[in-house]
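Participant: Got a structure for you, questions after.
The values are calculated or read from the model by the stated rules, or taken from the named source; none is laboratory data. It should be emphasised that the depicted structure is a prediction, and the values quoted were computed from it without experimental measurement. We place every Cβ from the backbone using ideal geometry, glycine too, and count neighbours over all the protein chains shown. Quick note on the areas: whole protein, heavy atoms, side chains included, nothing else; ligands and nucleic acids left out. Shrake-Rupley method; radii C 1.70, N 1.55, O 1.52, S 1.80 Å.
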Amino acid sequence: SRVCLRIESLDFYFPTTTMKRGDEIEVSSDEEGLKGSWFRAILEDPLPKSGNKRLNVSLLANDGSTTLKTTYRRFLRPIPPESLFTAAAEFEEGCVVEASRGGGWWTGAVVKKINDEEVWVYFDSPPDLLQFKTGQLRQHFDWVKQKWVRPQNKVFLSKKSTFRCGTMVEVKVTDGVDVWVPSVIVKEVVNRKSFVVKPLKYISWNDEGEAPKPNRTVGLSSIRLTPPTVSVKSFGLMESVEVFIEPGWRPGMVTSILCDDMYTVCLKATDKTLVFTHDAIRPTEETIAKLVLQNTNEVSAAINPQMSLSLGENGEEEVPEEHNREDDSRKKKRVEVEHTSDLGEEGTIRKRQREHNLSSIPVVEEPQAKDTTMVLPFAKKSPFWKILETSEGFQRAPQSPHFSPLVGESKEQFREGQAIGMMVTHFSLLESFKDLEPYVSVSELNSLKASFAELKKHGFDVSAPLARINKLLALKDRQLKTMEERKGFDREIMALKEGVGEMEHKILEMERQLVALKEQRDAAYQNICQMESCARDRGVELDNLESEFKATSSAPW
């Protein structure tokens, strides 16, 4: 029997027995690499009253063998009873647990819950992070003054830290070229200038006898957050990408597009060309950042019009339409009175009239023609306007944007700065045309087009750059088609060359056979001559025999 008390959120369990000689117990150690681990053993000596006497224990191995060891009482505890552990324990973040590992139980803390069956556990000595199934874990209890004590949850570094324990990152490994290896932060050093990291493929624990892979300590310049996953239907020709070759991501460039979502990619630094599936390729970090920003802007553009229907400029709920009409009429009357009675408040009147005009008209894409009295959603106070409007770029491509969308997108004190930023961005985008190369990717041109389209919403005249981009895209399309046609011709030429090579091989074979046949013919002629000579000799011999026969037969008796 036992008694359970809850004191300051800690559970105390009072057992009815204590450790004695011959009992099966668990023993720990303060040796480096073994701290926090508990192994089964047999207590060989009776417990002393003081804790300074060394005791003998026999460690129990899985194969039934034992190893004698001496230790102190503070490193001993009874085997935790099964009744201690909750049947369906919830291993939440920070929960102190024990993991079945290497024949013992190792004390750690849950860092991240992957799913209902798997969690990441952090171990402090030595620093390590491993993934376990919940069936390999049990709750940890400290043996304190003959009582089982449930410790409080472990508090990790502040969640405000970018690279905290359990953060998915990529670690740079230099192998002739930078390779980014998928990894996880094990421990953040106190000075936050270096980190203990572990390759993600080594995070799962197994008890198959394999030696664990050592973790690495790297500096801040060698790690980056894992880029977000973006959906890319296809990659363009000559587009810069990253490809996965064990152990990580390497930079490369798409050199040809094959069928079945296959691509030929030339690896940078090595100039080696390999074939990859679509799943083994991703955009570069810069391209991913642009795609994420573009998606964010699209989502914001979709959300803001809906919000503007229900929220006012400062995020307050709009009043019904009838009240708006009454307020508008009162504002108009107040403006007229103030304008005629007090010319000193001209700036205030203009501000109110500007807010009223912009809030009562829909957002337009371009300023109306011949509108010389355009009302901006802010007052031009910054000296940068004079610099911008007198610059060479503005003189070449003057602009008169209305910036109307800023009314629903930002507060008045931010609008002028955002407008100046858009003006600078417009000129920078125009200048970027000079840096475009013939092999620029289609995605980069589309990104440039999307930027100008965003400026168009604010009243910029972007018809000329959009027309130029469309022409460049058309040229790119023709370029890609021409390259594909050229590749088709190259493939046909290669096939024909292979056919010619086979023909030449057959010709050489036939010439060799002709030489052999000629040699056989000459040998046959030589045999014929020899046989004819022999035949003539035999003819002469036959004539001689015939004469001798006649002479013999006609000889007188």
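Participant: Among the residues of segment 240-252, write down those that are open to solvent by less than 60 Å² (accessible area, probe 1.4 Å), of a type outside the set (Ser, Thr, Tyr) and under 23 Å from LYS290 (Cβ atoms).
Facilitator: Scanning segment 240-252 gives VAL241, GLU242, VAL243, GLY248, TRP249, ARG250, PRO251, GLY252.
Participant: For segment 16-44, give me each residue that is open to solvent by 90 Å² or more (accessible area, probe 1.4 Å) and polar (S, T, N, Q).
Facilitator: THR16, THR17
Participant: Right, something else. Can you pull out the residues in segment 421-470 that are in a helix (DSSP H, G or I) and over 28 Å from PHE403 (Cα atoms)?
Facilitator: If the condition is that a residue be in a helix (DSSP H, G or I) and over 28 Å from PHE403 (Cα atoms), then ASP435, VAL442 are the ones that fit.
Participant: Can I ask one more? Any idea which of (1) surrounded by 15 or more Cβ atoms within 10 Å (Cβ to Cβ); (2) of a type in the set (A, V, I, L, M, F, W, C); (3) out of contact with any Pro (no Cβ under 7 Å at 6 or more places or on another chain) is the one PHE460 doesn't satisfy?
Facilitator: With (1) surrounded by 15 or more Cβ atoms within 10 Å (Cβ to Cβ); (2) of a type in the set (A, V, I, L, M, F, W, C); (3) out of contact with any Pro (no Cβ under 7 Å at 6 or more places or on another chain) applied to PHE460, the lone miss is (3).
Participant: While we're on this one: Mind checking whether some residue in segment 221-228 is at pLDDT 85 or above, within 30 Å of GLU485 (Cβ to Cβ), in contact with a Phe, Trp or Tyr (Cβ under 7 Å, 6 or more places away or on another chain) and not acidic (Asp, Glu)?
Facilitator: No: zero hits.
Participant: Looking only at segment 221-239, filter to residues that are hydrophobic (A, V, I, L, M, F, W, C) and in a loop (DSSP other than H, G, I, E, B); which one of those is nearest to LEU293 (Cα to Cα)?
Facilitator: In this case the residue turns out to be VAL230.
Participant: Right, something else. Within the bounds of segment 273-286, is there any residue that is at pLDDT 85 or above, surrounded by 15 or more Cβ atoms within 10 Å (Cβ to Cβ) and in contact with a helix residue (DSSP H, G or I) (Cβ under 6 Å, 6 or more places away or on another chain)?
Facilitator: no
Participant: Okay, next question. Do we find a residue being at pLDDT below 85, touching a His at 6+ places or on another chain (Cβ under 7 Å) and either open to solvent by less than 40 Å² (accessible area, probe 1.4 Å) or among the aliphatic types (A, V, I, L, M) (or both) anywhere in segment 349-361?
Facilitator: yes
Participant: Residues of segment 477-510 being open to solvent by less than 100 Å² (accessible area, probe 1.4 Å) and either among the hydrophobic types (A, V, I, L, M, F, W, C) or more than 30 Å from SER441 (Cβ to Cβ) (or both), which ones?
Facilitator: Result: LEU480, MET483, ILE493, ALA495, GLY499, VAL500, GLY501, ILE507, GLU509.
Participant: Here is a list of conditions, (1) open to solvent by 40 Å² or more (accessible area, probe 1.4 Å); (2) closer than 22 Å to LEU376 by Cα, and TYR439 meets all of them except one; can you say which number that is?
Facilitator: (2) is the only condition that TYR439 fails.
Participant: When only residues in segment 56-68 that are closer than 16 Å to GLY22 by Cβ and modelled with pLDDT under 85 count, which is nearest to the chain's Cα centre (by Cα)?
Facilitator: In this case the residue turns out to be THR66.
Participant: For SER451, indicate whether it is under 32 Å from the mean Cα position of the chain (by Cα) and small (Gly, Ala, Ser).
Facilitator: Considered against the rule, which asks whether it is under 32 Å from the mean Cα position of the chain (by Cα) and small (Gly, Ala, Ser), SER451 comes out as yes.
Participant: Of the conditions (1) more than 18 Å from ALA109 (Cβ to Cβ); (2) open to solvent by 40 Å² or more (accessible area, probe 1.4 Å); (3) modelled with pLDDT of 85 or more, SER183 satisfies every one except a single condition; which number is it?
Facilitator: (2)
Participant: Still on this model: For GLU31, only one of the following conditions fails: (1) under 30 Å from THR167 (Cα atoms); (2) at pLDDT 85 or above. What is its number?
Facilitator: (2)
Participant: How many residues does segment 121-142 hold that are surrounded by 20 or more Cβ atoms within 10 Å (Cβ to Cβ), over 28 Å from the mean Cα position of the chain (by Cα) and assigned to a strand (DSSP E or B)?
Facilitator: 1
Participant: How many residues, within segment 406-434, are open to solvent by 70 Å² or more (accessible area, probe 1.4 Å), more than 27 Å from VAL375 (Cβ to Cβ) and either in contact (Cβ under 8 Å) with a residue 24 or more places away in the chain or within 28 Å of the chain's Cα centre (by Cα) (or both)?
Facilitator: Number satisfying all stated conditions: 1.
Participant: Still on this structure, please answer the following. Taking the conditions exactly as written (more than 44 Å from the chain's Cα centre (by Cα) and at pLDDT 80 or above), does LYS386 satisfy them or not?
Facilitator: Yes, satisfied.
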